[in-house]
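Please read the structure below before turning to the comments.
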Amino acid sequence: MAMATWSIRKADNRDADALSACITAAYAEVAARIADLPPVAENCAEEIAAHQVWVAEARNAVVGGLVLVPSPGFMLLANVAVHPDHQGSGLGRALMALAETEASAQGYAELRLNTHKDMPENITMYRHLGWQQSGRDGNKVSMTKRL
């Protein structure tokens, strides 16, 4: 893969529709096989207004996103998505690294996320990045990473 052709910046309200479209594309393959996947691409405007959201851009198009939600005692990684055209480019890893950097800079010692039990590829990737499974509730797999 060539050098990164994307850049990451804080999202603003003008990014909501493009971020929603990117998330929808990123999850399309998974959504096709997981009937009870939560609506991950809804309410992007509200998330941008209420939480810490970044977008990755390539050629003036949103190709990735990260949503962090400060919580008591930990930073929740609420969503990370990379458009299929950019998967394998290192963008997902860069967004995960940004989550860690931001959480640490804001004084958090722990990141948490939830994924779906029927997304074993995500669980494997998160484990590879140093995350540990911390619980299961129905189809939800909770993971944590100490910073």
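The values are calculated or read from the model by the stated rules, or taken from the named source; none is laboratory data. As the structure is a computational prediction, the values presented were derived from the model and not from experiment. So basically every Cβ, Gly included, is an ideal-geometry build from the backbone, and we count neighbours across all protein chains shown.
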Residues of region 25-56 being among the β-branched types (V, I, T), part of a helix (DSSP H, G or I) and at pLDDT below 95, in sequence order, are V30
Would you mention how many residues in region 133-146 are surrounded by 13 or more Cβ atoms within 10 Å (Cβ to Cβ) and without any contact (Cβ under 8 Å) to a residue 12 or more places away in the chain?
-> 1
Where D85 falls short, out of the listed (1) under 21 Å from W131 (Cα atoms); (2) surrounded by fewer than 18 Cβ atoms within 10 Å (Cβ to Cβ) | (1)
Tell me, yes or no, whether region 102-118 has at least one residue that is of a type outside the set (V, I, T) and under 16 Å from I8 (Cα atoms).
-> yes
Within the bounds of region 58-79, is there any residue that is in a helix (DSSP H, G or I) and either in contact (Cβ under 8 Å) with a residue 40 or more places away in the chain or surrounded by 15 or more Cβ atoms within 10 Å (Cβ to Cβ) (or both)?
-> no
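Rundown of residues vs (1) of a type in the set (G, A, S); (2) surrounded by fewer than 19 Cβ atoms within 10 Å (Cβ to Cβ); (3) under 30 Å from G138 (Cβ atoms), yes/no style:
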| site | (1), (2), (3) |
| --- | --- |
| P39 | no, yes, yes |
| A45 | yes, yes, yes |
| V55 | no, no, no |
| L111 | no, no, yes |
Can you tell me which residue among P38, P70 is out of contact with any Leu (no Cβ under 6 Å at 6 or more places or on another chain), under 18 Å from N122 (Cα atoms) and not basic (K, R)?
-> P38
Enumerate the pairs (first residue in region 1-24 and surrounded by 12 or more Cβ atoms within 10 Å (Cβ to Cβ); second residue anywhere and of a type in the set (F, W, Y) and modelled with pLDDT of 95 or more) with beta-carbon separation below 8 Å, excluding pairs fewer than 6 apart on the same chain, so at least 6 apart or on different chains.
-> I8/W54; A11/W54
Residue under evaluation G130, criteria (1) surrounded by 12 or more Cβ atoms within 10 Å (Cβ to Cβ); (2) more than 15 Å from the chain's Cα centre (by Cα); (3) on the phi < 0 side of the Ramachandran plot, criterion not met | (3)
